[in-house]
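Derivation of every value follows stated rules applied to the coordinates shown; laboratory data play no part. Bear in mind that the values here come from a model prediction, so they are computed numbers and not experimental data. Here Cβ is always computed from backbone atoms with ideal geometry, including for glycine, and neighbour counts include all displayed protein chains.
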Amino acid sequence: MTTRWRVRPALPTLKLTGAVLLLLIAALFATDSVAIAVASVAAAGLVVWGFRDLLAPERLAVDETGLTVRTGFAGRRHVPWSAVERIAVDRRSHNGVRSETLEIDTGDAVHIFSRHDLGAPPEEVAAALNAAAGGEIRR
């Protein structure tokens, strides 16, 4: 059985809407070409980021053979359980903002996923990954 975690559908919509709003605000209120250029570059970044979420929404999948992680813009990489060295949840607090990320260390790479990437709390995903691995992978 394969379990998958993916970006929530509202997230790419929000990014693409933000790009349109940014261009609209720049067109209405910008007084010089530099401001329009900066807004255009930022909007283009949001469009690329939003389309990535539309084209490759699945960030992580797990089955009995291992993990499949998203790499690059829309690539995938299968990692067998024997290559997974550590699964951990990193919690940080900075200026009153708390964040959690899921970290999967495969020896040659560390794959980091946020709550937004997974569409679920990283702690729940880490527990599901450890259960699928057949036991506790070093945390």
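Let's test this: bin the Cα-Cα distances of the chain at 5 Å from zero up to the farthest pair and state each bin's percent.
Per 5 Å bin, starting at zero, the Cα-Cα P(r) for the chain comes out as 2, 10, 16, 17, 15, 13, 10, 7, 5, 3, 2, 0, 0 percent.
Evaluate E = 1/(1 + (r/R0)^6) for Met1 and Asp90, where r is the Cβ-Cβ distance and R0 equals 35 Å; express this FRET efficiency to the nearest 0.05.
Details: r = 28 Å, r/R0 = 0.79.
That gives a FRET efficiency of 0.80.
Restricting attention to region 27-92, which chymotrypsin sites (Phe, Trp or Tyr not before Pro) occupy a DSSP loop and are surrounded by at most 12 other Cβ atoms within 10 Å? All intermediate terms of the calculation are to be shown ahead of the outcome.
Values: sites: Phe29, Trp49, Phe51, Phe73, Trp81; in loops: Phe73.
Those that pass, being in a loop and sparsely packed, are Phe73.
Could you give the nm distance between label points at Glu58 and Ala74, where each point is 7 Å from its Cα heading toward the beta carbon?
The answer from the label model is 1.4 nm.
Return a whole-number percent for the relative contact order of the chain, with Cα pairs under 8 Å and 6 or more residues apart as the contact set. Show your work: numbers first, answer last.
Values: 210 pairs, mean separation 33.5, N = 139.
After rounding, I find 24 percent.
Note down the nm distance, to one decimal, between modelled labels 7 Å out along Cα→Cβ at Val48 and at Ala83.
Between Val48 and Ala83, the label points sit 2.6 nm apart.
Rounded if a/c is under 1.5, else prolate if a/b beats b/c, else oblate: with a ≥ b ≥ c from the C-alpha gyration tensor eigenvalues square-rooted, which is region 58-132? Present the calculation step by step, with values, prior to reporting the outcome.
Working: a/c = 1.80, a/b = 1.58, b/c = 1.14.
Prolate.
For Ser99 and Thr65 in the same chain, what is the full-extension length gain: residue separation times 0.36 nm, less their Cα-Cα distance, in nm?
On the way: separation 34, 0.36 × 34 = 12.24 nm, distance 3.00 nm.
Taking 0.36 nm per residue and subtracting the Cα distance, the gain is 9.2 nm.
In what sequence do Leu55, Leu28 fall when counting other Cβ within 10 Å, fewest first?
Details: Leu55 10, Leu28 7.
Lowest to highest Cβ neighbour count: Leu28, Leu55.
Using a simple charge model, +1 on the beta-carbon of Lys and Arg, -1 on the beta-carbon of Asp and Glu, nothing else, what dipole does the chain show about its Cα centre, in debye to the nearest 20?
Working: 16 positive and 15 negative charges, 42 e Å.
Charge dipole, the chain, about its Cα centre: 200 debye, nearest 20.
Gain in length, Asp108 to Leu14, computed as 0.36 nm per residue apart minus the alpha-carbon separation, to one decimal in nm? Before the final figure, lay out the partial values.
Details: separation 94, 0.36 × 94 = 33.84 nm, distance 3.37 nm.
That works out to 30.5 nm of additional length.
Exposed loop sites here are GluC sites (Glu not before Pro) in DSSP loop states with at most 15 other C-beta atoms within 10 Å. What is the longest stretch of the chain lacking them? Numbers along the way, then the final one.
On the way: sites that count: Glu64, Glu85, Glu136.
For GluC sites (Glu not before Pro) (loop position, at most 15 other Cβ atoms within 10 Å), the longest site-free span of the chain is 1-63.
Just to check I understand the Karplus step: with θ = phi - 60° and J = 6.51 cos²θ - 1.76 cosθ + 1.60, what whole-Hz values come out for region 120-126, glycine and proline as x?
3J(HN,Hα) across region 120-126, in whole Hz: 7, x, x, 4, 5, 5, 4.
Given the options Ala37, Ile25, Ala56, identify the residue whose Cα lies farthest towards the positive end of the charge dipole of the chain (+1 on Cβ of Lys, Arg; -1 on Cβ of Asp, Glu).
The residue sitting farthest along the positive end of the dipole is Ile25.
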